[in-house]
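Engineer: Submitted below is the structure of interest, expressed as structure tokens.
Every number in this text was worked out from the coordinates using simple rules, so none of it is lab data. Please read these numbers as outputs of a predicted model, since none were measured by experiment. Backbone-built Cβ (ideal geometry, glycine too); neighbour counts: all protein chains shown.
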Amino acid sequence: MLLEVAHNAGVITNQEYAEFQNAGYMGLYGGLTVDDIHERKKLKDNEKILDFMGSTELIANLLKNTKEENNEIISNNAWSN
């Protein structure tokens with residue numbers, strides 16, 4: 001669903017999606033980029049941040065994604081009859 005929200009916001013290319021994801025992580029991690037988070041968590045290039053999140057990080061990420069999806073629903077008036 002988040003990919004659809006990103007696409008509806010004009011995110012089309014892989015590079016744009018990477019920037020979209022990076023912006024989301026920056027919001028969760030106080031301005032840290034994906035590269036910064038990888039370095040801080042000592043992740044390998046092929047390891048995904050989501051796979052190494054603690055429960056609080058996972059909840060925050062889920063809430064962020066849900067908020068973005070709900071904003072899309074509200075902006076498209078999907079709640080009106």
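Engineer: Report the net charge of residues surrounding Glu57, where surrounding means a beta-carbon distance below 13 angstrom and charges are Lys +1, Arg +1, Asp -1, Glu -1.
Structural biologist: Net charge around Glu57: +3.
Engineer: OK, next. Per Stokes-Einstein, at 20 °C and 1.002 mPa s, what whole-number D in µm² s⁻¹ belongs to the range 2-73, with the Kirkwood radius over Cα pairs as the hydrodynamic radius?
Structural biologist: In µm²/s, the coefficient rounds to 166.
Engineer: Right, here's the next one. Given the options Leu2, Thr33, Ser55, identify the residue whose Cα lies farthest towards the positive end of the charge dipole of the range 2-73 (+1 on Cβ of Lys, Arg; -1 on Cβ of Asp, Glu).
Structural biologist: After comparing all options, I get Ser55.
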